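Throughout, read-outs are computed from the coordinates displayed, never taken from laboratory work. In this text the structure is predicted, and so the values were computed from the model without any measurement. In this analysis, Cβ positions are derived from the backbone assuming ideal geometry, glycine residues included, and neighbour counts consider all displayed protein chains.
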Amino acid sequence: MPHLVAPSVLSADFANLQRDVEMINRSEADWFHVDVMDGVFVPNISFGFPVIKAVKKYAAKPLDVHLMIVDPDRYTQAFKEAGADILTVHLEACTHLHRSIQNIKSHGMKAGVAINPHTSIHLLQDIIADIDLVCMMSVNPGFGGQKFIENTYTKVKDLRQLIGDKKSQALIEIDGGVDLNNHKKLVECGAGVLVAGNTVFSSANPTETISLLKK
């Protein structure tokens, strides 16, 4: 299966959000990646339901919503209503992870689990068969434009092995520092979804950059 590309809306021009959403619609991108930060779980605040609803209004592709927040279970239904197609919660933020995943699926969304760079993939052993996506942070979450953590390649290979061993269908998504220098190696290691923010939106031709990330 070809890998997917999910441009991160966090790097879009919010004064021209409809324009950037429609650019992604026209491009070879597969998903919209939407980062939600609460200023507690991560040291930054992004946006909430009104912006997600605005993106959904114009989006012709699925919304991949990544929650970097504490107590995400409180908002599952609200994110569904705002337009999330895939909802990803952080392993580090969920005391009862199985319950969180069941809650997401009960609302008709695909369920993902995100892990920070320091979190071992072995902690996913008991949940990997139940989820649709693992969002592997390749930078410390909270801010765009950070340097890619090189150990990510090894973690992707290890996670690919775990997915095979547990006969899981989960996709491996890489979030942070993905660019035209490392995307090919990430896919070769087993990545199935590439999140790209600054790489896409700071380029002179975002549509062409998305096309290059797909190759």
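Scanning segment 27-44 for residues that are in contact with a helix residue (DSSP H, G or I) (Cβ under 7 Å, 6 or more places away or on another chain) and either farther than 29 Å from Asp73 by Cα or not charged (D, E, K, R) (or both) gives Ser27, Glu28, Ala29, Phe32, His33, Val34, Phe41. Within segment 103-146, the set of residues being without any contact (Cβ under 8 Å) to a residue 24 or more places away in the chain and either crowded, with 18+ Cβ neighbours inside 10 Å or more than 17 Å from Ile172 (Cα to Cα) (or both) comprises Lys105, Ser106.
Quick check, is Leu180 without any contact (Cβ under 8 Å) to a residue 40 or more places away in the chain, within 20 Å of Pro206 (Cβ to Cβ) and of a type in the set (A, V, I, L, M)? For Leu180, the condition - without any contact (Cβ under 8 Å) to a residue 40 or more places away in the chain, within 20 Å of Pro206 (Cβ to Cβ) and of a type in the set (A, V, I, L, M) - is met.
Note on segment 56-75: residues that are in contact (Cβ under 8 Å) with a residue 24 or more places away in the chain and closer than 25 Å to Val139 by Cα amount to 11. The strands (runs of 3 or more DSSP E) found wholly in segment 1-97 and carrying at least 2 residues that are farther than 22 Å from Thr199 by Cβ occupy 86-90.
Residues in segment 173-203 that are of a type in the set (Lys, Arg) and out of contact with any helix residue (DSSP H, G or I) (no Cβ under 8 Å at 6 or more places or on another chain): Lys184 only.
The residues of segment 11-23 that are in contact (Cβ under 8 Å) with a residue 60 or more places away in the chain and either farther than 22 Å from Met68 by Cα or touching a Gly at 6+ places or on another chain (Cβ under 6 Å) (or both), listed by number, are Ser11, Asp20, Met23. Counting the residues of segment 28-81 that are among the hydroxyl-bearing types (Ser, Thr, Tyr) and within 16 Å of the chain's Cα centre (by Cα) gives 1.
Every condition in (1) buried (at least 21 other Cβ atoms within 10 Å of the Cβ); (2) over 15 Å from the mean Cα position of the chain (by Cα); (3) under 19 Å from Phe79 (Cβ atoms) is met by Asp20 except one, and the failing one is (3).
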